[in-house]
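Single-structure report; data block below.
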Amino acid sequence: MGLLLRKLRLRLQLSRAKHRSLAGHSRLARKVASWVPRYEYDEAVFFRVDGAPEEVAALRRRAFMQLSSIHAERFKKSAALTEEAAQGLSDLQFTSRYRVPFQFSGLVRRHFKPGAVAVSSSGVCIVDLDGNRLYDLTGSYGVNVFGYDFYKECIARGSERVRDLGPVLGAYHPLTVCNVRRLLQISAMQEVSFHMSGTEAVMQAVRLARYHTGRSHVVRFCGAYHGWWGDVQPGVGNPQPARDTYTLNDMSGAALRVLRGRRDIACVLVNPLQALHPNRGAPGDSTLLGGRRAHFDRDAYTEWLQRLREVCTARGIVLIFDEVFVGFRLAPGGAQEYFGVRADLVTYGKTVAGGLPVGVLCGQSRFMRRFREDRPADICFARGTFNCHPYVMGAMHEFLLRLTSEPIAGLYQGLDAAWNARARSLNDRLAAEALPVRVANLCTIWTIDYVGVSRYNWMFQYYLRAAGIALSWVGTGRLIFSLNYSDQDFAEVAARILAAAREMQRDGWWWSEPRLTNQSIRRRVLGEMLQARWTSLIGSMSSPRSR
Ligand SMILES: Cc1ncc(COP(=O)(O)O)c(C=O)c1O
């Protein structure tokens, strides 16, 4: 009876520690996702799905066609090659489908062919196949922390250093030893392992945590991305449910109670990027239903990490900081240094190999060991053909050398203050012109919030691209600046963002009537889905095959 009661209490505790959104309930989220029917707005509805009067719809239609012509002209060659590539490149097919909410996607894809071919980079810009010089806010998925010229140097100098050895694997290039030494200093850890991607570094961290604790479960926080491996992606996107993962409410006492109460938790994964939008997935324009809200509170997040640290220490749970994204972007010592909290294991990736692919895991020896002195057959296996590739080690060496010397070290001086001031000044200007756009930032990682109520916020990405700003496929959800953006570069980007917002305003996309709320938008979309589902059900029942 006592055991039953304890089980019940733990179950209840777990339920209370889930975020109330769908993302907080992975299994349900997968079920709902598999249920959502595809339907699209036809042209008559597309421009006035928010109930706009005909003259506003006409204004939007005209602007849509004009903007489409501008894109077609400006990105002609790049778009043509992208389209050809997409026929055989699954990734491109996927990303081009998910740039805008699916109800709008068909018409948008017919009129806006994204160009995804670039030929050169310098300063803070990239040049596409058509010769357009675009301010880069893609950040190359976060790899580009110091500017592309920096990485070109790392790769070139690093390649020279390892040229004599070439692609020999198994034997280590001597630079590997230097890299291990430097990484241990930076992370304040005792051992390192090298992997080919951030995903693999996280996989290894979790595997080791399970091995050393003898426990089964991984805790991740709602919305956090840790790569695309199954156990850390229990919800939508993974065809198989993850059985041994708890997805908990970020920054909540209820989550701490679960950590205190259960005996099956091996590790807690923290992606400090979530500080910008706790409990929400990476913001992208394809999921933009109405507004978006982000806000970074450094003190609150620091306190949260301290509390997590305490509980993990008390309960023997391995605390893993997944710094694949934020490592080296916030401070030379990463999020551990920035927030002043130490983890047991830390993952790095993206930028740390000076522009080449990598994943790194650093940790205390007691968690990194893959064997036991007393039980020789009980090992924790991890390999990877390319794990210490000499060219990767060469470029990483250059990266780590430069990190603590000028001019790179100087880029970290007053970093937060500078980027917060830039964000504030842009927001002031947007507010002064009553434009319904704001930015929120975690240092150089920015996201665009929409303060008005609109079905068309996703259109903003096309105005920004026409204004010469390169965005990744998630559009205005994530803007990544490199640290080498000068005041002048930033002023130019800010001017372009303002100009694009003015045009979008002028073209009627942000027309709104008072009755429209973000909630009413969601209700309407739910109603549309139910109707589409019903229609397809009736259709399938009356088709000859089902009779
Ligand atoms: C926090 C975090 N962890 C892991 C990964 C996965 O890294 P990779 O794409 O190199 O596999 C990412 C990638 O964006 C990430 O942001």
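The values are calculated or read from the model by the stated rules, or taken from the named source; none is laboratory data. In this text, all values refer to a predicted model and were calculated from it rather than measured experimentally. All Cβ positions, even for glycine, are placed from backbone atoms using ideal geometry, and neighbour counts span all protein chains on display. Please note that ligands, DNA and RNA were not included when accessible areas were found on the heavy atoms of the full protein model with its side chains. Shrake-Rupley method; radii C 1.70, N 1.55, O 1.52, S 1.80 Å.
Residues Met396, Met65, ordered by accessible area of protein heavy atoms at a 1.4 angstrom probe radius and largest first, appear as Met65, Met396.
Assuming charge only on the beta carbon of Lys and Arg (+1) and of Asp and Glu (-1), the dipole of the range 262-407 about its Cα centre is about 360 debye to the nearest 20. Share of the range 191-235's accessible area from carbon and sulfur, percent, 1.4 Å? The computed percentage sits at 54. Helices of the chain meeting both criteria, an alpha-carbon length of 24 angstrom or more along the long axis and an average Kyte-Doolittle score not below -0.5, with helices taken as full DSSP H segments, are 54-74, 415-432, 487-506, 518-542.
The local environment of Leu81, defined by Cβ-Cβ distances under 13 Å, has a net charge of -1 under the rule Lys, Arg +1 and Asp, Glu -1.
When a/c reaches 1.5 or more, the comparison of a/b and b/c decides; with that in mind, is the range 125-264 rounded, prolate or oblate per its Cα gyration tensor?
Working: a/c = 2.40, a/b = 1.47, b/c = 1.63.
Because a/c hits 1.5 or more and a/b fails to exceed b/c, the range 125-264 counts as oblate.
Leaving out ligands, DNA and RNA, and with a 1.4 Å probe, what % of the accessible surface on the range 74-167 is carbon or sulfur? Within the range 74-167, the accessible surface is 53 percent carbon and sulfur. Rolling a 1.4 Å probe across the protein heavy atoms gives the range 1-89 an accessible surface of 65 Å² per residue. As a length-normalised measure over Cα pairs under 8 Å and 6 or more apart, the relative contact order of the chain settles at 21 percent. Dipole of the range 15-109 computed with +1 at Lys/Arg Cβ and -1 at Asp/Glu Cβ about the Cα centre; of Ser105, Ala58, Ala29, farthest Cα towards the positive end is Ala29.
Computed about its Cα centre, the charge dipole of the range 380-431 is approximately 160 debye, with only Lys, Arg, Asp and Glu carrying charge at their Cβ.
Relative contact order, whole percent, for the range 383-507 stands at 21, derived from Cα pairs under 8 Å and 6 or more residues apart. For the range 391-419 versus the range 235-303, the spacing of their alpha-carbon centroids is 29 Å. Per-peptide packing, taken as the mean over residues of other Cβ atoms within 10 Å, places 219-231, 493-505 in the sequence 219-231, 493-505 from highest down. Placing dummy labels 7 Å off each Cα toward the beta-carbon, the span from Leu169 to Gln66 is 5.5 nm.
Based on Cβ point charges of +1 for Lys and Arg and -1 for Asp and Glu, what charge dipole magnitude is obtained for the chain about its Cα centre, in debye rounded to the nearest 20? Intermediate values should be presented prior to the final figure.
Values: 73 positive and 48 negative charges, 510 e Å.
Around 2460 debye, computed over the chain.
May I ask you to compute the full-extension gain from Glu310 to Arg523, defined as 0.36 nm times their residue separation minus their alpha-carbon distance, rounded to one decimal in nm?
Values: separation 213, 0.36 × 213 = 76.68 nm, distance 4.18 nm.
So the chain would gain 72.5 nm between Glu310 and Arg523.
Applying 0.36 nm per residue to the separation of Arg502 and Asp297 and subtracting their alpha-carbon distance, the gain on full extension is 70.8 nm.
Answer with one residue from Trp534, Ala294, Gly327: the one whose Cα lies farthest towards the positive end of the charge dipole of the chain, charges on Cβ with Lys, Arg +1 and Asp, Glu -1. Positive-most Cα among the choices belongs to Trp534. Segment Ile538..Arg97, full-extension length gain: 156.0 nm, with 0.36 nm per residue of separation and the alpha-carbon distance subtracted. The mean sequence distance of close C-alpha pairs (under 8 Å, at least 6 residues apart), as a share of the length of the range 269-374, puts its relative contact order at 22 percent.
Take the alpha carbon gyration tensor of the chain, find the square roots of its eigenvalues, order them as a ≥ b ≥ c, and report rounded if a/c is under 1.5; if not, report prolate when a/b exceeds b/c, else oblate.
Oblate is the answer for the chain, as a/c is 1.5 or above yet b/c matches or exceeds a/b.
What is the range 250-357 by shape, rounded, prolate or oblate, if you read a ≥ b ≥ c off the alpha carbon gyration tensor as root eigenvalues and call it rounded for a/c under 1.5, prolate for a/b larger than b/c, and oblate otherwise?
On the way: a/c = 1.77, a/b = 1.17, b/c = 1.51.
Oblate, since a/c reaches 1.5 and b/c is not below a/b.
Each of Ile445, Gln505, Thr517 was scored by the projection of its Cα onto the charge dipole of the range 399-547, and the greatest displacement toward the positive side belongs to Thr517; charges sit on the C-beta of Lys, Arg, Asp and Glu.
Pop out the carbon and sulfur fraction of the accessible area of the range 276-410 as a percent, whole number, probe 1.4 Å. If you can, show how the numbers build up before the last one.
Numbers: 2850 of 5380 Å².
With neighbouring chains kept in place, the figure for the range 276-410 is 53 percent.
Counting charges near Asn132 (Lys, Arg +1; Asp, Glu -1) among other residues having Cβ under 15 Å from its Cβ returns a value of +2. At a probe radius of 1.4 angstrom, the accessible area of the range 202-315 per residue rounds to 40 square angstrom.
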